[in-house]
1. Helix by helix through the chain, keep the DSSP H runs that span 24 Å or more along the axis on Cα and average at least -0.5 on Kyte-Doolittle, and give those back in order.
2. Would you please state the base-10 log of I(q)/I(0) at q = 0.11, 0.22 1/Å for the chain, with intensities from the Debye formula using one equal scatterer on every alpha carbon?
3. Quickly estimate the mean residue ellipticity at 222 nm for the chain, helices only: each DSSP H run with n ≥ 4 gives -39500 (n - 2.57), and the total goes over all residues, rounded to 500.
4. Taking +1 at the Cβ of each Lys and Arg and -1 at the Cβ of each Asp and Glu, which of Ser97, Ile118, Met1 sits farthest along the dipole of the chain towards its positive end, judged by Cα position relative to the Cα centre?
5. Per residue, what accessible area does the chain have, given a 1.4 Å probe and all protein chains present, in Å²?
6. Where Lys and Arg each count +1 and Asp and Glu each count -1, what net charge lies around Phe121 among other residues with Cβ under 13 Å from its Cβ?
7. Can you pull the percent of the stretch 1-117's accessible area that's carbon plus sulfur, 1.4 Å probe, other chains left in place?
Amino acid sequence: MDQQQIEMMQQMQDQQAAGPGPLFWIIYLAFIGVTLAGIWKTFTKAGEPGWAAIVPFYNIYVMTKIVGRPAWWVALALLPCVNIIALFIIGIDMAKSFGKGTGFGIGLALLGPVFYAILGFGDAQYQGPAASGGGVAAA
């Protein structure tokens, strides 16, 4: 190896050791802020405290409460592999609780930050827990 290649490798190692730059952190924090704002607003529309969106595990409990699922669904949402199915079902029930369809619920499960912002800041109104039969299922 010549000196130029060694200097280039050293420079790459220095950049990797430095970690992500400030632009990454600005975008990352904005993304988290938009996500939390959407979930906060969704909880508020459903008559639950908005601050529950920022409390780990409790926010899953509040989601199960909003959609009408029993509290033990929190355990399902935390079990590896089972959680994927449970969160899809909770997402679909959440959509139906706000008068949206199954496709919107799948969007909540796959692209939660975008769809919770649409749900929270859009014109959707809470219609009751869908899992217990109180919500209106849109076709």
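1. On the way: long enough: 22-45 (34 Å, 1.26).
Helices meeting the span and hydropathy rule in the chain are 22-45.
2. With one equal scatterer per Cα and no solvent, log10 I(q)/I(0) is -0.47, -1.33.
3. On the way: 7 runs with 91 residues, N = 139.
Value at 222 nm, helices only: -20500 deg cm²/dmol.
4. The residue sitting farthest along the positive end of the dipole is Ser97.
5. On the way: 8380 Å² over 139 residues.
Value for the chain: 60 Å² per residue.
6. On the way: positive: Lys41, Lys45; negative: Asp123.
So the surrounding residues net to +1.
7. Working: 5060 of 7080 Å².
Answer for the stretch 1-117: carbon and sulfur cover 71 percent of the accessible area.
The values are calculated or read from the model by the stated rules, or taken from the named source; none is laboratory data. Being a predicted model, the structure only gives us computed values, none of them experimental. Using ideal geometry, Cβ is built from the backbone for each residue, glycine included, and neighbour counts are taken over all protein chains shown. SASA here: full protein model, heavy atoms, side chains in, ligands and nucleic acids out. Shrake-Rupley method; radii C 1.70, N 1.55, O 1.52, S 1.80 Å.
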